[in-house]
1. Only one residue in Leu77, Leu73, Leu44 is surrounded by fewer than 19 Cβ atoms within 10 Å (Cβ to Cβ) and of a type in the set (A, V, I, L, M), so which one is that?
2. Tell me the helices (runs of 4 or more DSSP H) entirely within the stretch 6-69 that contain at least 1 residues that are within 20 Å of Leu222 (Cα to Cα), out of contact with any Pro (no Cβ under 8 Å at 6 or more places or on another chain) and modelled with pLDDT of 95 or more.
3. Report whether or not Thr94 is among the hydroxyl-bearing types (Ser, Thr, Tyr), within 28 Å of Leu293 (Cα to Cα), in contact (Cβ under 8 Å) with a residue 40 or more places away in the chain and touching a Pro at 6+ places or on another chain (Cβ under 7 Å).
4. Check off (1) more than 19 Å from Gly36 (Cα to Cα); (2) touching a helix residue (DSSP H, G or I) at 6+ places or on another chain (Cβ under 9 Å); (3) assigned to a helix (DSSP H, G or I) for Gly196 and give me the number that stays unchecked.
5. Out of the stretch 134-180, which residues are surrounded by 16 or more Cβ atoms within 10 Å (Cβ to Cβ), of a type in the set (A, V, I, L, M, F, W, C) and not in a helix (DSSP H, G or I)?
6. Considering only helices (runs of 4 or more DSSP H) fully contained in the stretch 206-299, which possess at least 1 residues that are crowded, with 16+ Cβ neighbours inside 10 Å, in contact with a strand residue (DSSP E or B) (Cβ under 8 Å, 6 or more places away or on another chain) and small (Gly, Ala, Ser)?
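The values are calculated or read from the model by the stated rules, or taken from the named source; none is laboratory data. What you are looking at is a predicted structure, and each value in this text was computed from that prediction instead of being measured. Counting neighbours? That spans all protein chains shown, and the Cβs are built from the backbone with ideal geometry, glycine included.
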Amino acid sequence: MLIMTAKNEYSRFLPSPGYGMGEIVQQKNIDYLFIGSSTFRRGLDIEVLNKLPGNVYILAYNGCQPVTIEMVLEYLLKQGVTIKHLFVDFYPYTAAARPALSDTRLLMDTDIDFKIDLWQSLHAYKTDSFQAIEDKASDLYEMFISSNNAIILWWPLYQKLIRSNNYHGGIRNLRAEHGQTQETLAQLPMFGKRDGLQKVQIDAYQKIIQTASKHDIQLTYLEIPKYYRLYDDHDYRAFSKQILDSFSNAANYQVISADHIPFDNHQADYFNDLVHLSGVGAHVYTQMLLNKLGKDQSE
């Protein structure tokens, strides 16, 4: 029990592997922070972002949803981190899913209180059925006992290996990675039928706006380009409009959608799959994004 308590409370103090919250909490003052999912990690070239006037960090966890992003933002602020410009991943399909934890690396970056809050949020919508109770127990075991044990055991080797490929949350030399062919992307299956947007996810989007306003953070919802087959999907477009309409009464934020940047989402080499950019695509897109940000700031 003592070992598990130590793991859950103190793993966040392990030397940074080049990604995660550790370096952010140590630096305290972040000029440009990008919080999102793998679409941010794969879709933003950190070597290009470093041309921004200030320090830059990409904080990305696989499958990160609005609920998780809101919790991560609150956690960083409680740790005394100040943020000037915040870019939040805008990917409508993550708001059409119930809260879930897809990347247990998040557990290594946070304290016990965060983990308890996260576990509760994952199950807030569930009933008291036997299956729900079983799911709660299973997640509790994974989150607090079984997750990340091998990584922690081999941390010196793991940290050195990962740090060689990661920098400020981004991937080094990303631009060298090419994408797929049109034939390959044409064969990839589309996402299945969706039941609609989840209120808890929409509420999280709203809470992020409120938190940013409270802390004088310049907030931008940023949509990384998706391959045209996905981006032109009826459900994707409908969900996007519904989310943006829900922001209509809010203030102090902006949206940079994929339509706002002249990126060719028909170019197969720019994509690894329907959702994620290739290194080549990320490099081209990030340069366009910087041009967009420069123009906006000069106006």
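1. On the way: Leu73 fails: surrounded by fewer than 19 Cβ atoms within 10 Å (Cβ to Cβ); Leu44 fails: surrounded by fewer than 19 Cβ atoms within 10 Å (Cβ to Cβ).
Going through Leu77, Leu73, Leu44 in turn, the sole match is Leu77.
2. 38-43, 46-49
3. Yes, satisfied.
4. Gly196 satisfies all of (1) more than 19 Å from Gly36 (Cα to Cα); (2) touching a helix residue (DSSP H, G or I) at 6+ places or on another chain (Cβ under 9 Å); (3) assigned to a helix (DSSP H, G or I) except (3).
5. Residue satisfying the conditions is Ile171 alone.
6. 279-298
Table: residues versus (1) of a type outside the set (Val, Ile, Thr); (2) at pLDDT below 90; (3) touching a helix residue (DSSP H, G or I) at 6+ places or on another chain (Cβ under 7 Å).
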residue	(1), (2), (3)
Leu73	yes, no, yes
Asp113	yes, no, no
Leu122	yes, yes, yes
Ile152	no, yes, yes
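Here's the yes/no breakdown for (1) under 30 Å from Tyr227 (Cα atoms); (2) of a type outside the set (Val, Ile, Thr):
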position	(1), (2)
Val48	yes, no
Leu52	yes, yes
Ala60	yes, yes
Lys78	no, yes
